[in-house]
1. Out of all the residues in region B:128-137, is one or more more than 10 Å from chain A (Cβ to nearest Cβ), over 21 Å from B:ASP378 (Cβ atoms) and among the charged types (D, E, K, R)?
2. If we keep just the residues of region B:226-245 that are among the small types (Gly, Ala, Ser) and either touching a helix residue (DSSP H, G or I) at 6+ places or on another chain (Cβ under 6 Å) or at the interface with chain A (Cβ under 9 Å from one of its Cβ atoms) (or both), which is farthest from A:LEU282 (Cα to Cα)?
3. So, B:LEU18, is that one at pLDDT 95 or above, under 17 Å from B:ALA202 (Cβ atoms) and outside the structural domain of B:ALA200 (by TED's automatic domain parsing) or not?
4. Considering only region A:248-279, how many residues are on the phi > 0 side of the Ramachandran plot and at the interface with chain B (Cβ under 10 Å from one of its Cβ atoms)?
5. Name the residues in region A:110-128 that are closer than 19 Å to A:MET178 by Cα and either of a type outside the set (S, T, N, Q) or assigned by TED's automatic domain parsing to the domain that holds A:ALA379 (or both), would you?
6. Consider A:LEU180 against the criteria (1) at positive phi; (2) away from chain B (no Cβ under 14 Å): it satisfies all of them except one. Which criterion is unmet?
7. Show the residue pairs meeting these rules: Cβ distance below 6 Å; 6+ apart or different chains; first residue within region A:98-109 and among the charged types (D, E, K, R); second residue surrounded by 24 or more Cβ atoms within 10 Å (Cβ to Cβ) and part of a helix (DSSP H, G or I).
8. Inspect region A:341-349 for any residue being more than 21 Å from B:GLU61 (Cβ to Cβ), more than 19 Å from the chain's Cα centre (by Cα) and polar (S, T, N, Q) and give the result as yes or no.
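The values are calculated or read from the model by the stated rules, or taken from the named source; none is laboratory data. Everything numeric in this text was worked out from a predicted model, so none of it was measured. Quick reminder, even Gly has a Cβ in these numbers, built from the backbone with ideal geometry, and neighbours come from all protein chains shown.
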2 protein chains.
Amino acid sequence: MTRDDALRSDAQDPLAPLREQFALPEGKIYLDGNSLGAQPKATPERVRRAIEQEWGTDLIESWNKAGWIDAPRRLGDRLAPLIGARSGEVLVADSTSINLYKVLHAALSLQQGQRKKVVSERSNFPTDLYIADSVVRAHGGELVLVDSPDEIPALLDEHCAVLMLTHVHYRTGRMHDMALLTRWAQQAGALTVWDLAHSAGAVPVDLLGAAADFAVGCGYKYLNGGPGAPAFVWVHPRHLGQSFQPLMGWLGHESPFAFTPNYRPAVGIQQYQCGTPVVLSLAALECGLAVFEQAQALGGMAALRRKSLALTDAFMAEVEARVPQARIVTPREHAFRGSQVSLALNAPLEDAAYAVMQALIARGVVGDYRAGDPARLDAEPHLLRFGFTPLYTRFVDVHDAVTQLADVLAREAWRAPEFQKKNKVT
Amino acid sequence: MTRDDALRSDAQDPLAPLREQFALPEGKIYLDGNSLGAQPKATPERVRRAIEQEWGTDLIESWNKAGWIDAPRRLGDRLAPLIGARSGEVLVADSTSINLYKVLHAALSLQQGQRKKVVSERSNFPTDLYIADSVVRAHGGELVLVDSPDEIPALLDEHCAVLMLTHVHYRTGRMHDMALLTRWAQQAGALTVWDLAHSAGAVPVDLLGAAADFAVGCGYKYLNGGPGAPAFVWVHPRHLGQSFQPLMGWLGHESPFAFTPNYRPAVGIQQYQCGTPVVLSLAALECGLAVFEQAQALGGMAALRRKSLALTDAFMAEVEARVPQARIVTPREHAFRGSQVSLALNAPLEDAAYAVMQALIARGVVGDYRAGDPARLDAEPHLLRFGFTPLYTRFVDVHDAVTQLADVLAREAWRAPEFQKKNKVT
């Protein structure tokens, strides 16, 4: 792919106008939307209005007039189509970790102590494992971790209460077959909990089609809700009213403003709310979701998926052609690929990944680094992660990013002292 | 107090300049800062900067450059002086309900199953009771509720694990003697959990002076952090590293960016963090805390308390002199009074409180209504609540609010049909 080829692809891209919805900084190629999505141009004005009009002028009246009280479900309704859920099934609230805590407790409570094993991947995003650890402790259960997805089927037995997976892996970008694994789990009598942190807004998700049980996900990655945006939680309608979650706060009560001393859970997904909604951050997330509604007219998630695969295909091909020092960790097969590409560096550069990423960032190509554990069975490598957000990433960005990566490695620009110190938190 | 007297008091008020820090709407007398604090004028610009500069331009770099990652502790350090805590002891995160869940679990874990009873007030804010109910279920314990504070001492026995109280009562504005009750509880071997939702920024609080054990509180009431602002949590240093809280998220890990599969709690209050900080809402709360730093030069919480008592004294005196249909529910004794005054209506108007409040709001006097349960032992009345925020409430507001209240009752303006329907959530 020449640079002109890339520019031609961009010119022919039906989704290209969506990039105009984002305030991307000049001179940066931002390939880290899988960590923090870019800022929609509409966000500052929407949040200003929430602050000055809804809060500043209308004050307490906005709980009714501006619909603050319903915001978690209203945003959930707007998010639902992106994950194959229906209106009334999704709630936007709290963090992914806290929502995971709710649904894992709910799932284990549904198993009524008959099954107590939670199965997951050892390389799952750590907060998922920490939260699962906490929940299995509370239920006297056990967290069983596999080193490879291939080990999962054998663990779906009569002791397995829950199969908890992150749909698209945060390190490798590998995507699980949600429908298949859900079916296998349910055939064994287990329930499924899906973490959609790297899926929602990135790849088509069909929770109802897969008949999944529970899902949670993140508002600040591909949904572009802003740093620390509230997360979401989905529960299959068959479990609503049956399952119990222990963060029994007043806004999960069937009648919070009756101020009764006894908890009676609300009907439906509202029961998964706990405290007061974070109104200002919800207003920001609204703008992220609105872009997907604009994308609907241009083909929606199916079109976004086509572009995402074209971008990651192109990136992989360019890396293979131009960066002999790197190898591709993310699956080539489309069915197993999310919307990111992770690279590892070949010997003798295995440990240079951090410095290489810093050198790239200094040149305006923003991806991120994730340390691996070479001592593990699978000799987990250090990774360069590149996220491709079809809403705003261009083919020319793919081309230019690889040019910079090839140059950083060819010139050994990453050896400069300022790129060595691991003092960054992300 | 004539209106001129009130204006004279305002002219002599050393704290009067602080009102200029708030964007209060013209023509409203806002006496509901105990529910939602007013908007600091600095907030829109601060949040705009967080959106456009920190997020939009600097993107992922802001986790380091703008200090997003430390914001929960940085804000905690700024909040600490308002509650008698030290730097490093307070974390701003999640909701009050969720923080209460953390500390109640921590407190019960410290009791190691030897004591399992949590004592609280039946009329405590419901979310506190719901969360306590959830936590005692998890520990096989019991929630014991008193109808009057007088019953508390008898319950502080060898079975009592935790005394959980809201320092200033949300309905009555009655304030507990934190130091005394903490001493009594601890003498009996119990731990104390204080909800400071109606205290932080409203009355002086001295957690360390009282040697309290745990505290939580709200960011959107007297701290003026904005609707749904993150809440805070404090743990006495003697319990840090000893206590266990079950919302074990990645940012409570001692080394979150090592991405290890096993949870190791961070040292200190950081262990009470769970997920990613809600950055935009934290930026708004910063502006609320900044006003208290300005107040420091004018006498700080001691001066704010003097003014708060002068305001509530004046309001009580005016109501007594001019509103024979109402009686004062909030304690007259300063030592037992927060920064609000609650009124009940005398027979035969007991049930008119909702309509009276709506009529007041229609005239620009904004308080709120809290339904009571007349069937209770103490015949809990319906209440008109008025919050007095010494940062921005004036003596002339007190005077004019009572004038309107007296007029609404004298003319029976509250009987208009539009004030009858209870369709508001707050």
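1. Scanning region B:128-137, I find no residue that is more than 10 Å from chain A (Cβ to nearest Cβ), over 21 Å from B:ASP378 (Cβ atoms) and among the charged types (D, E, K, R), so the answer is no.
2. B:SER243
3. yes
4. 1
5. Hits for region A:110-128 are A:VAL118, A:VAL119, A:GLU121, A:ARG122, A:PHE125, A:ASP128.
6. Against the list (1) at positive phi; (2) away from chain B (no Cβ under 14 Å), A:LEU180 comes up short only on (1).
7. A:LYS102/A:TYR272
8. Yes, region A:341-349 contains a residue that is more than 21 Å from B:GLU61 (Cβ to Cβ), more than 19 Å from the chain's Cα centre (by Cα) and polar (S, T, N, Q).
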